[in-house]
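What follows is calculated from the coordinates using simple rules that are stated; it is not laboratory data. Treat the numbers as computed from the prediction; the structure is a model and nothing was measured. Every residue, glycine as well, gets a Cβ built from its backbone with ideal geometry; the counts of neighbours run over all protein chains shown.
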There are 2 protein chains.
Amino acid sequence: MVAESLVQADLRGVDSHGVVRADIYLRRLEAGMVQTGGIMPYTEDGAIRILDGANHFGAVVGCKALAMAMETSRKYGCGVVGVKGSNHFGTCAYYLLKAVRQNQIMLILSNASQTMPPTGGIRPFIGTNPFSVGVPAGTHPPFILDMATSVVARGKIISAAQKGEPIPAGWAIDKYGNPTTDAHAALEGSVLPLGGAKGYAISMFIDIMSGVLTGAGFGRYVNNMYENWEDPQNVGHFFIALDIPRFMPLERFKARMDLYLDEMKAEPTAPGVPEILIPGELEHRCTLARMREGIALPAKVEDELRVWGERFDLNLSDAIIE
Amino acid sequence: MVAESLVQADLRGVDSHGVVRADIYLRRLEAGMVQTGGIMPYTEDGAIRILDGANHFGAVVGCKALAMAMETSRKYGCGVVGVKGSNHFGTCAYYLLKAVRQNQIMLILSNASQTMPPTGGIRPFIGTNPFSVGVPAGTHPPFILDMATSVVARGKIISAAQKGEPIPAGWAIDKYGNPTTDAHAALEGSVLPLGGAKGYAISMFIDIMSGVLTGAGFGRYVNNMYENWEDPQNVGHFFIALDIPRFMPLERFKARMDLYLDEMKAEPTAPGVPEILIPGELEHRCTLARMREGIALPAKVEDELRVWGERFDLNLSDAIIE
């Protein structure tokens with residue numbers, strides 16, 4: 001599940017959340033910071049479930065939460081799963097795509113360790129907590145919205161730092177609160193929330209639902225997987241699944257989605273804009289292309305994978321495009 | 001309910017959604033574009049309800065949906081109400097405040113008539129569809145997030161136009177797609193989405209949930225209350241209520257909220273920033289102040305109210321601060 005989650009992120013072109021994360025995941029596993037095996041206890045009450053991830057890998061916890069949300073949704077029309085005791089779980093889109101293939105509408109939130117200041121603040125207090133929604137369509141690819149509540153995903157700054165590239169102005173402040181275009185200085189400072197106070201407020205909402213309400217960490221109590229080697233991350237997630245046939249027949253819903261997307265894409269565009277894009281559409285095309293052509297990894301990631309592979313007698317050369 | 005909704009918006013300092021709207025509401029009522037009396041039919045299936053507002057005033061439909069969402073939430077832990085056949089329903093905060101007083105967490109979405117272009121587009125296709133969440137706290141005022149998915153609420157541009165004031169750059173484009181600071185030109189053109197493609201995507205999500213999934217209008221099928229005097233608006237809303245004790249004891253949740261808000265407010269601030277604010281905090285203070293001091297209305301709104309009042313032998317002079 002972890003490998004599938006990372007490779008699928010790369011397939012979609014979300015390189016910041018792809019196998020670039022394999023190294024830190026494996027280092028935390030080796031350091032005993034993440035558990036494998038053993039049960040994940042949960043409680044159920046009506047349409048609400050609380051899942052304790054028991055410090056398993058985030059993707060493993062996320063897949064369990066997803067399955068519980070969909071099962072509960074089929075029973076009650078909606079299924080709500082609050083998750084505590086989890087870890088970084090990759091992209092939300094990994095789970096959304098599984099849900100839309102089952103014709104469910106899925107809303108997924110997650111908190112994350114501190115990287116953004118509150119509006120008016122100067123140091124990180126909230127995470128770039130992702131907001132995500134997946135909705136199936138008919139002939140169109142599904143609507144897949146998966147966004148950080150920062151101006152950009154912090155993973156894009158990690159990618160820039162790894163490539164030695166600068167970042168655009170407005171993405172981040174350094175640890176003294178000054179604007180910066182240095183990716184390394186940005187990683188030591190704060191990523192800025194999307195749209196000022198509005199992004200700050202959405203990120204807080206996600207922290208409340210994923211952390212305060214579930215029993216997971218929130219604010220300063222979500223530990224950083226790169227910096228804290230003493231404590232579990234205690235990340236929280238929040239899943240809401242909706243069973244479309246409780247609202248209207250599935251085929252009618254899909255026809256309405258197609259009409260909506262057809263009309264959106266038919267809108268006139270500004271000069272130089274070839275087409276209106278639907279959330280998830282570019283990533284859908286990227287997936288088709290990379291399924292044919294493979295995934296090009298940065299040399300640094302390739303080296304990391306090779307070293308891990310050699311330790312376990314895994315020869316990665318066949319999978320790597322030179 | 002309509003009057004309470006408008007006055008409460010003014011109390012909170014959200015003048016754009018206050019009694020400034022009384023005139024258009026009353027004109028639509030007089031023109032037969034809005035119904036009063038008669039039932040609002042609904043279906044129920046598990047934790048899902050579909051409410052047909054039957055073209056009643058938005059506040060009347062919204063209060064009914066709110067009550068159904070809370071009743072369903074108490075039964076199943078969550079209550080989901082999709083609403084079709086509604087009208088402009090004022091601020092979401094009006095309903096959120098009722099919900100948090102009942103110790104429920106409430107998420108409310110609504111679509112609106114076309115005022116924003118998709119990213120890359122040049123003319124309005126989606127509304128400034130509001131996203132809103134209310135969460136009760138312990139000693140702190142409740143967390144009340146109620147935001148348009150535009151850079152700013154279109155109502156603020158309406159207010160500026162009524163006051164004859166310009167708007168800041170970056171809020172809107174004119175009907176030819178050019179940036180503008182003229183409030184009137186902006187109202188004829190498009191408001192821009194919050195944070196570029198991210199705001200566009202969130203607005204689409206809200207349209208899908210409120211319109212496509214409920215059977216209400218969506219995209220071009222949500223009619224403008226100022227311009228269309230032939231058809232009902234067919235606005236759609238989406239309510240999700242969550243019953244906190246299904247997650248953890250209410251007092252424990254409120255203590256966690258207070259800890260979160262205490263720690264957020266204790267964060268160091270940038271030079272010139274007196275304090276970190278929680279969503280809804282300023283509006284809470286404004287409500288307390290305006291409850292004491294009254295609400296100052298623009299002369300235009302005062303005149304409108306006076307004219308309507310005279311027609312129905314209502315003397316407004318006692319309520320107006322000169």
>> Where the second residue is surrounded by 10 or more Cβ atoms within 10 Å (Cβ to Cβ) and acidic (Asp, Glu) and the first is in a loop (DSSP other than H, G, I, E, B) and lies in the stretch B:33-46, which pairs have Cβ atoms under 7 Å and are six or more apart or on separate chains?
In response: B:MET40/B:ASP52; B:PRO41/B:ASP52
> For the stretch A:119-136, how many residues meet the condition of being assigned to a strand (DSSP E or B) and either among the hydrophobic types (A, V, I, L, M, F, W, C) or more than 11 Å from chain B (Cβ to nearest Cβ) (or both)?
Replying inline: 4
> Give me the pairs: first residue in the stretch A:286-302 and touching a residue at least 60 places away in the same chain (Cβ under 8 Å), second residue in a loop (DSSP other than H, G, I, E, B), beta-carbon distance under 6 Å, and six or more apart or on different chains, which are they?
Replying inline: A:CYS286/A:ARG12; A:CYS286/A:GLY13; A:THR287/A:ARG12
> What are the residues in the stretch A:138-156 that are more than 18 Å from A:ASN111 (Cα to Cα) and in contact with a Leu (Cβ under 6 Å, 6 or more places away or on another chain), if any?
Replying inline: A:HIS140, A:ILE144
>> Out of A:LEU51, A:LEU29, A:LEU66, A:LEU97, I need the residue that is within 25 Å of A:ASN224 (Cα to Cα), in a helix (DSSP H, G or I) and either among the hydroxyl-bearing types (Ser, Thr, Tyr) or in contact with a helix residue (DSSP H, G or I) (Cβ under 8 Å, 6 or more places away or on another chain) (or both). Which one?
In response: A:LEU66
> Applying the selection to the stretch A:240-267, what residues are in a helix (DSSP H, G or I), more than 20 Å from B:THR43 (Cβ to Cβ) and within 8 Å of chain B (Cβ to nearest Cβ)?
Replying inline: A:MET257, A:TYR260, A:GLU263, A:MET264
> How many of the residues making up the stretch A:180-237 are touching a residue at least 60 places away in the same chain (Cβ under 8 Å), within 14 Å of another protein chain (Cβ to nearest Cβ), not small (Gly, Ala, Ser) and not in a helix (DSSP H, G or I)?
Replying inline: 9
> Restricting to the stretch B:113-171, what's the tally of residues that are over 24 Å from A:TYR200 (Cα atoms) and of a type in the set (A, V, I, L, M, F, W, C)?
Replying inline: 5
> Mind checking whether some residue in the stretch B:11-27 is more than 24 Å from B:VAL307 (Cα to Cα) and touching a Gly at 6+ places or on another chain (Cβ under 9 Å)?
Replying inline: yes
>> Can you pull out every residue in the stretch A:101-118 that is surrounded by fewer than 21 Cβ atoms within 10 Å (Cβ to Cβ) and within 14 Å of chain B (Cβ to nearest Cβ)?
In response: A:ASN103, A:GLN114
